[in-house]
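Below is one structure, written out as structure tokens; comments come after it.
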Amino acid sequence: MKTNTTGGPVSVRALGGPTVLIEYGGLRFLTDPTFDGPGTYRLMPGLTLTKTDPAPIAPASLGPIDAVLLSHHQHPDNLDGAGRVFLSEAPVTLTTLSGAAHLAGTARAVTPWESIELDRPDGGTVTVTGTPALHGPEELGTENIETVAGEVIGFVLTADDLPTVYVSGDNASLLLVERIAERFAPVDTAVLFAGAARVPVVFNGALLTLDSVQAAEAARILRARRAVIVHCEGWAHFTEGRAEVVKAFAEAELTGLLQDDGAG
């Protein structure tokens, strides 16, 4: 698993699974920290998740982080044991209402469309806005999905002198992407969690995240200049990987949006 870096005014570096380092406005953000080695996690009787790949970087190698953007706390493919240790040392973790209550410490809740301003080191602010997300098939409805899969949130980063960055979190709903696009498109950089995650015992194996075709469509809806596709390697329940992403973007005539050899 190679890391991937995109340059320009916004630097995005994929670190395996859903973990991404974003340097924006002089601040360093980390999404969904997952640093454990390969192994199996038992969530409940009959439900386990298996990590197949090691993290390509150790937390100590990251340098200082100003804020963690945590899409949700309840699943180890988005927050594992080493990730929880990392959170304990982070200045602030922005996450869901339930995540903030569960994690306590420096965790701070952000609700959909709520904005929080973070001071930049050289003056000015970065605005972090929560965006809605659904961790399952939208036709089941938000309440039914959250009862089983829990709350999830995405994020948008904006600043007066910088392009917009969208981080989807584990969102499976293109209808929600359309709502986000109404407020923020065009988006310069779309960090999209894909992988077509499925677990047979949850929602009868329905998608829990975007598949590759949907990720390409999300990039189109957002009118993104570039797309960084993550959350598509390293876990057994990710049913699509980098090859499917490349194929889907090619078929949508959006290959130019993908960065280098992509992000896993």
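Observations, loosely collected:
- Residues whose amide H comes within less than 5 Å of that of residue 113, counting only those at least five positions distant or on another chain, are 130, 131 (H built at 1.01 Å from N in the peptide plane).
- Rounded, prolate or oblate (a/c below 1.5 giving rounded, otherwise prolate when a/b exceeds b/c) for the chain by Cα gyration tensor: rounded
- Around residue 209: net Lys/Arg minus Asp/Glu count, Cβ-Cβ under 11 Å: -3
- Ranking 65, 115, 184 by Cα position along the charge dipole of the chain, where only Lys, Arg, Asp and Glu carry charges on their C-beta atoms, puts 65 farthest toward the positive end.
- Calculated mean residue ellipticity, 222 nm, the chain: -6000 deg cm²/dmol, from DSSP H runs (n ≥ 4) at -39500 (n - 2.57) each, averaged per residue and rounded to 500.
- Sparse-neighbourhood loop sites, trypsin sites (Lys or Arg not before Pro) in segment 1-107 - DSSP loop, at most 15 other Cβ within 10 angstrom: 2
- DSSP-defined antiparallel bridges as percent of all bridges, segment 4-257, nearest 5: 65
- Summed residue charge, Cβ within 15 Å of residue 175's Cβ, Lys/Arg positive, Asp/Glu negative: -2
- Going from the residue with the fewest nearby Cβ atoms within 10 Å to the one with the most, 237, 75, 135, 231 rank 237, 75, 135, 231.
- Listed residues 33, 121, 54, most fluctuating in the chain (Gaussian network, C-alpha, under 10 Å): 121
- Each Lys and Arg adds +1 at its Cβ and each Asp and Glu adds -1 at its Cβ; summed about the Cα centre, segment 1-150 shows a dipole of about 400 debye.
- Segment 115-207: C-alpha gyration tensor shape, a/c 1.5 cut-off, then a/b vs b/c: prolate
- Backbone phi angles across segment 64-72, fed through the Karplus curve with coefficients 6.51, -1.76 and 1.60 (θ = phi - 60°), yield HN-Hα couplings of x, 10, 8, 7, 9, 9, 9, 5, 5 Hz in residue order; Gly and Pro are listed as x.
- Residue order, fewest to most beta carbons within 10 Å, for 212, 11, 173: 11, 173, 212
- For the chain, the dipole from Cβ point charges (+1 on Lys and Arg, -1 on Asp and Glu) about the Cα centre works out to 320 debye, to the nearest 20.
- Candidates 219, 107, 82: whichever shows maximal mean-square fluctuation once the chain is modelled as a Gaussian network with Cα springs under 10 Å: 82
- Each label point was placed 7 Å from the Cα along the Cα-to-Cβ direction; for residue 44 and residue 97 their separation is 2.1 nm.
- Exposure proxy ranking, count of Cβ atoms within 10 Å, fewest first, for 92, 245: 92, 245
- Just checking the listed ones, 188, 32, 170: in the Gaussian network model of the chain with Cα springs under 10 Å, the one fluctuating most is 188.
Every number in this text was worked out from the coordinates using simple rules, so none of it is lab data. Small disclaimer: the values here were computed from a predicted structure and weren't measured. Please note: Cβ atoms are built from the backbone with ideal geometry, for glycine as well, and neighbour counts cover all protein chains shown.
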